[in-house]
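A.B. asks: The structure follows.
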Amino acid sequence: MPTIVSMQLPRPLADAPVRDPHPVLSEYYSSAEGKQRFVQRLFDASAGDYDRVDRVLAFGTGSRYRREALRRAGLAPGMRMLDVAVGTGLVAKEAAHIVGDVGRVTGVDPSPGMISGAAAGRLALVRGRAEALPFAADSFDFVALGFALRHLVDLEKVFLEFRRVLKPGGRLLVLEITRPEGRIATALLRTYLRGIVPFIARLVGRGEYTPMLYRYYWDTIEACAPPDRVMATMAAAGFGRISNQRQLGILSEYCASA
């Protein structure tokens, strides 16, 4: 059964809005500006391997999970959707099946390598950052951010931008991996994502930076702001009906309405 966490704000410090999704990770970069450059280089260099490694790690179920999560969040036929940090289009392609027209799904990403990977899906693609979306206000019925919250620089700006481009009553879905509760579960996930996954990536990937991408993936999960603070930041941006439904204890589905 999924765990559903509705937003509650009883502890001022723990539930305060948060700007940075996680502290500076000095093993990889030394500043927020350095983070932007590092993340873009890393994803550009790993773009050719991304779908291949994802299929191996998800045992072929990744597309089904994304499609079901989009439906749970309220995506429906005929909606106009924006996929932020579209990557190679894994979320956007599932959304196109639901809305019924690939032309109603737009993807935005700062990485030229990732956008090139998504181009085969005939999606409308724009290069840009979540902190400054290149779209007019009230443009979309649904906005999705798939497993990229940790890679952003300023969550307060990001959620304000999401709120701006959504039509009144529009829906937001943020998919993310959340560190599990309990030391044993955390240790197991750390071993898998920081040890086993980079090893698999080295075997099936072709880029030299792909194993680093998945080590970095875990390090950002471990350091990421907790769900209460993510939801508080959504609320501060003007979102309502905020919740976090967690699948398998680690797959967070943050949902909200504009």
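A.B. asks: Just to verify a result, which residue in region 97-116, among those that are open to solvent by less than 30 Å² (accessible area, probe 1.4 Å) and among the polar types (S, T, N, Q), is nearest to E131 (Cα to Cα)?
C.D. replies: The qualifying residue nearest to E131 (Cα to Cα) is S111.
A.B. asks: Looking only at region 162-179, which residues are of a type outside the set (A, V, I, L, M, F, W, C), surrounded by 15 or more Cβ atoms within 10 Å (Cβ to Cβ) and part of a strand (DSSP E or B)?
C.D. replies: Selection gives K167, G170, R171, E176.
A.B. asks: Being open to solvent by 20 Å² or more (accessible area, probe 1.4 Å) and outside any loop (DSSP other than H, G, I, E, B) is the filter here, so list the residues in region 122-145 that pass it.
C.D. replies: A124, L125, V126, R127, R129, A132, D141
A.B. asks: Continuing with the same structure: Hey, K93 hits all of (1) surrounded by fewer than 21 Cβ atoms within 10 Å (Cβ to Cβ); (2) in contact with a helix residue (DSSP H, G or I) (Cβ under 8 Å, 6 or more places away or on another chain); (3) touching a residue at least 12 places away in the same chain (Cβ under 8 Å); (4) basic (K, R) but one; which does it fall short on?
C.D. replies: (1)
A.B. asks: Moving on. Only one of L175, L149, L160 is in contact with a Lys or Arg (Cβ under 8 Å, 6 or more places away or on another chain), at pLDDT 95 or above and within 28 Å of K35 (Cβ to Cβ); which?
C.D. replies: Result of the check over L175, L149, L160: L175.
A.B. asks: Shifting gears a bit: Could you tell me which residue of region 27-81 is surrounded by the most Cβ atoms within 10 Å (Cβ to Cβ), considering only residues that are over 25 Å from F199 (Cα atoms) and of a type in the set (D, E)?
C.D. replies: E68
A.B. asks: Still on this structure, please answer the following. Inside region 180-254, counting only helices (runs of 4 or more DSSP H) that do not spill past its ends, which hold 2 or more residues that are open to solvent by less than 20 Å² (accessible area, probe 1.4 Å) and modelled with pLDDT of 90 or more?
C.D. replies: Output list reads 210-223, 227-236.
A.B. asks: Would region 234-245 turn up any residue that is of a type in the set (S, T, Y) and under 16 Å from A148 (Cα atoms)?
C.D. replies: No: zero hits.
Residues checked against (1) hydroxyl-bearing (S, T, Y); (2) modelled with pLDDT of 90 or more; (3) within 23 Å of G128 (Cβ to Cβ):
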{"site": "S31", "(1), (2), (3)": "yes, yes, yes"}
{"site": "R37", "(1), (2), (3)": "no, yes, yes"}
{"site": "G48", "(1), (2), (3)": "no, no, yes"}
{"site": "F59", "(1), (2), (3)": "no, no, no"}
{"site": "R67", "(1), (2), (3)": "no, yes, no"}
{"site": "M81", "(1), (2), (3)": "no, yes, yes"}
{"site": "V91", "(1), (2), (3)": "no, yes, yes"}
{"site": "A95", "(1), (2), (3)": "no, yes, yes"}
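A.B. asks: Considering only residues that are modelled with pLDDT of 95 or more and either more than 24 Å from D44 (Cα to Cα) or more than 19 Å from the chain's Cα centre (by Cα) (or both), which ones fall in region 101-129?
C.D. replies: Passing the criteria: only R104.
A.B. asks: Check R122, R179, R150, R183 and return the single one that is free of Cβ contacts under 8 Å to residues at least 24 places away in the same chain and touching a helix residue (DSSP H, G or I) at 6+ places or on another chain (Cβ under 7 Å).
C.D. replies: Of R122, R179, R150, R183, the one residue that is free of Cβ contacts under 8 Å to residues at least 24 places away in the same chain and touching a helix residue (DSSP H, G or I) at 6+ places or on another chain (Cβ under 7 Å) is R122.
A.B. asks: Moving on to the next point. Kindly indicate whether any position in region 148-159 is acidic (D, E), more than 30 Å from G48 (Cα to Cα), touching a strand residue (DSSP E or B) at 6+ places or on another chain (Cβ under 7 Å) and open to solvent by 40 Å² or more (accessible area, probe 1.4 Å).
C.D. replies: no
The values are calculated or read from the model by the stated rules, or taken from the named source; none is laboratory data. All values derive from a computational prediction rather than experimental measurement. Cβ: placed from backbone, ideal geometry, glycine included. Neighbour counts: every protein chain shown. Please note that ligands, DNA and RNA were not included when accessible areas were found on the heavy atoms of the full protein model with its side chains. Shrake-Rupley method; radii C 1.70, N 1.55, O 1.52, S 1.80 Å.
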